[in-house]
Amino acid sequence: MTFFRGGGFAGARFITLAFLFSGAVTAFAGNTPPLSLFADSDSLSEAPEVADSLRRLEDSQGLALLDAGESLLKEGKLRAAERKYFEVLFSRSPSVVVRARFGLAAVYSRTPRRLFDAVAQYRRILRLEPENRAALRALADTGFRLQETGGFDLAERALRRLVLVDPDYEGAYELWRGKIRDQDPQDLRQVDSHLRDWLPRHPERGYWWLDLAWDSFRLGNLGGVFASLDSLRLRWPGYKRSEQCLLTARCCLELGDTAAFERGYNEALEIAGREGGFERLSFDAQTIMTPAERVRWEGEKSPEQGAALFRQFWMHRDPDPTTPHNERLVEHYVRLAGAEKYYKQLFPHSKFQTSANYQRLTSGQSQTVDYDPVKEIGDLGTALALDQRGLLYMRFGAPEKIDKPEISQAPNPAEVWWYKNSGFFIFERKFGTGDFRFIPSAINGAGSIRKAMAADLFDDPMPSLQQDYYGADFRGLDAEVEVEFYQSVPLAAAAQPPAAVTVLYDSTWTELARDSSVAAPVRTPSDSFWLGINRLSAGPGRYFYVAKLEIPGRRVVAKKELRLATYGESELDISGVVLGSTPQPGDAPLERGGVGLLPRPSLRFARGEPINVYFEVYGLRPGAGGSREFREKVTVVAADKKESGGG
């Protein structure tokens, strides 16, 4: 019975433990056990060693064994190092035992498939020393190595405990803040409460007040946002000023003040253009960027170039760029608030969110409908941790209806989102994936997620009316080009003469010139309309323009790209062409070179109606008689729009 050396009862107890642990190893062979099973357990490898000896080592013996174990660890002799560290566990000194457990954890961290054993060692250290900073930090790092949701949960808990002990320890707070995307509201309150007491004593970390401000926003505490921003501006006034403005703007929107929101957003963009700091702005915008816009944004750029890209991004989507109000910008942030509230990823660290292979596992029909989840959706929702319903919501807005068919019973709840002109989209929370994911379908009427992720739908609250318009360019002064815009709507569209406005922008949508006039009533044998005329000048180059008629309650706006070429001083050249009706006496809304003109933007003429054609010829040389003469012949043909490309 020498096996029971040291007492029959004790020996029997350790034999039982040995069998229990051996059974645990067998049960989980080839599987990843849940972390909760190891929350308070010992290492799976300790019991046989414990059964072998109960001796207690003196400090000198323990330190000598530690040195030997560390040498073996450096040499890569993991099994031999493990034995030495196990012997040290019987030291009389708790500090020596802690070092031994760190050594065992290091062995297991380097041994394939033994990270859970390393976790167990760090937990045992924390039983002895609950505030051991190194153990908490190492436990978090091991959790990140385990990956998946369970590993990130372990890392989050360890980092949060470390933040409450020492936020500055090896970047604990910033790692918790930057790498964990699903902090629980209660956890945020716990950390923030601690930091509000800690930060006044550590002014060097005063910039963390901005994080606390965002937390308050996320928790719906707008008063806390403004209080945190006040503390930030008191200690770090220049820190991420663009982001401060954006957060303040979003608070204004939450309070229903859209004008203040837009002022704040534009200020944030202006500051970013001078100082940099587009990160938060780009997170918000990338959910609706087209693939081409994402490519342009991800390239290298200066702050000025970044501001120009953002200006193009929002002006292109603005229903009326000539006004300070951008309805699409406001709608985007209203949608973002809704998506953050209702469509956040529940498990953002799951491999079904982060692994391309795992994403394809949830798309079994991808071969039949040509769907690649990585290519079509990719990581668009990563920065904001929005699920795939949230991404569609950002682009299309709320669906007209949501069906929850019978298959939505557990374990695979499903939703079908319907849009009038885009079909339906199926989302299913497949068992084990945690979050709703798009499911491709070959059924007639199914929407194309590829088109959806490149689209941006917005229902303008103001009803639109398309005006007829065109422009003609002429040689101006000092090598500039003079452009005249003619636009019209039916006379019945407005009770009073509407204002006609045309604005010229450079290629980054920075306003260069603006002209306003009052439209005049025109009546011809075939048409009656309000005619607005605007004149602008610019050098050769690429521009954008917006032409509009201001009619109460209606949106009458057109915007397009414009390319202007120079006119040569010494070459024969011809200006743009203006088609119009013959003005009656006293009826000449436009005059060029002493010629009265009545442009017809609608280009609709009655059969047999005389048409005036106006153009200018440049660079004519004197003829034999000394005068500049030329002959011209104009043929006007009525052409079908389809055949003439819309013309």
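The values are calculated or read from the model by the stated rules, or taken from the named source; none is laboratory data. Everything quoted here is computed from the prediction, not taken from an experiment. For neighbour counting, all protein chains shown are included, and Cβ atoms are generated from backbone atoms with ideal geometry for every residue, glycine included. SASA here: full protein model, heavy atoms, side chains in, ligands and nucleic acids out. Shrake-Rupley method; radii C 1.70, N 1.55, O 1.52, S 1.80 Å.
Is it the case, given these coordinates, that ALA479 is more than 32 Å from the chain's Cα centre (by Cα) and within 30 Å of HIS332 (Cα to Cα)? For ALA479, the condition - more than 32 Å from the chain's Cα centre (by Cα) and within 30 Å of HIS332 (Cα to Cα) - is not met.
Within segment 482-506, the residues that satisfy the criterion of being under 37 Å from the mean Cα position of the chain (by Cα) and either assigned to a helix (DSSP H, G or I) or touching a residue at least 60 places away in the same chain (Cβ under 8 Å) (or both) are VAL501, VAL503, TYR505. Is it true that GLU561 is surrounded by fewer than 14 Cβ atoms within 10 Å (Cβ to Cβ) and either over 19 Å from PRO497 (Cβ atoms) or in contact with a helix residue (DSSP H, G or I) (Cβ under 6 Å, 6 or more places away or on another chain) (or both)? Judged against the criteria, GLU561 is a match. Among helices (runs of 4 or more DSSP H) entirely within segment 252-334, having at least 1 residues that are within 17 Å of PHE396 (Cα to Cα) and open to solvent by less than 40 Å² (accessible area, probe 1.4 Å) singles out 279-285, 303-317. Within segment 610-635, being within 23 Å of PHE485 (Cα to Cα) and at pLDDT below 85 holds for one residue alone: VAL634. Which members of segment 454-470 meet the condition of being outside any strand (DSSP E or B) and either touching a helix residue (DSSP H, G or I) at 6+ places or on another chain (Cβ under 6 Å) or surrounded by 13 or more Cβ atoms within 10 Å (Cβ to Cβ) (or both)? If the condition is that a residue be outside any strand (DSSP E or B) and either touching a helix residue (DSSP H, G or I) at 6+ places or on another chain (Cβ under 6 Å) or surrounded by 13 or more Cβ atoms within 10 Å (Cβ to Cβ) (or both), then ALA454, ALA455, ASP456, LEU457, PHE458, ASP460, MET462, LEU465, GLN467 are the ones that fit. If you go through segment 164-211 and pick out every residue that is assigned to a helix (DSSP H, G or I), under 30 Å from ASP435 (Cα atoms) and either open to solvent by less than 70 Å² (accessible area, probe 1.4 Å) or touching a helix residue (DSSP H, G or I) at 6+ places or on another chain (Cβ under 6 Å) (or both), you end up with 13. Close contacts from segment 315-341, counting a first residue that is at positive phi and a second that is buried (at least 18 other Cβ atoms within 10 Å of the Cβ) and in a helix (DSSP H, G or I), with Cβ to Cβ under 9 Å and a gap of 6+ residues or different chains, come to none at all. Of everything in segment 120-145, what is in contact (Cβ under 8 Å) with a residue 60 or more places away in the chain and open to solvent by 20 Å² or more (accessible area, probe 1.4 Å)? Give them in sequence order. Result: ARG123, ARG124. Can you tell me which residue within segment 471-505, out of those that are at pLDDT 95 or above, of a type in the set (Asp, Glu) and open to solvent by 10 Å² or more (accessible area, probe 1.4 Å), is farthest from LEU269 (Cα to Cα)? Within segment 471-505, the match that is farthest from LEU269 (Cα to Cα) is ASP473. Taking first residues from segment 245-258 that are under 15 Å from LEU269 (Cβ atoms) and β-branched (Val, Ile, Thr) and partners that are open to solvent by 20 Å² or more (accessible area, probe 1.4 Å) and in a helix (DSSP H, G or I), the Cβ contacts under 9 Å between residues at least 6 apart in sequence or on separate chains come to THR248/PHE226; THR248/GLU267. When LEU536, LEU564 are checked against the criterion of being closer than 19 Å to TRP509 by Cβ, in contact with a Leu (Cβ under 6 Å, 6 or more places away or on another chain) and in contact (Cβ under 8 Å) with a residue 12 or more places away in the chain, LEU536 stands alone in meeting it.
When segment 511-533 is filtered for residues that are in contact (Cβ under 8 Å) with a residue 24 or more places away in the chain, hydroxyl-bearing (Ser, Thr, Tyr) and either buried (at least 22 other Cβ atoms within 10 Å of the Cβ) or out of contact with any Lys or Arg (no Cβ under 7 Å at 6 or more places or on another chain) (or both), the ones remaining, listed by number, are THR524, SER528. Residues of segment 373-429 that are within 24 Å of ARG280 (Cα to Cα), surrounded by fewer than 20 Cβ atoms within 10 Å (Cβ to Cβ) and among the acidic types (Asp, Glu): ASP379 alone.
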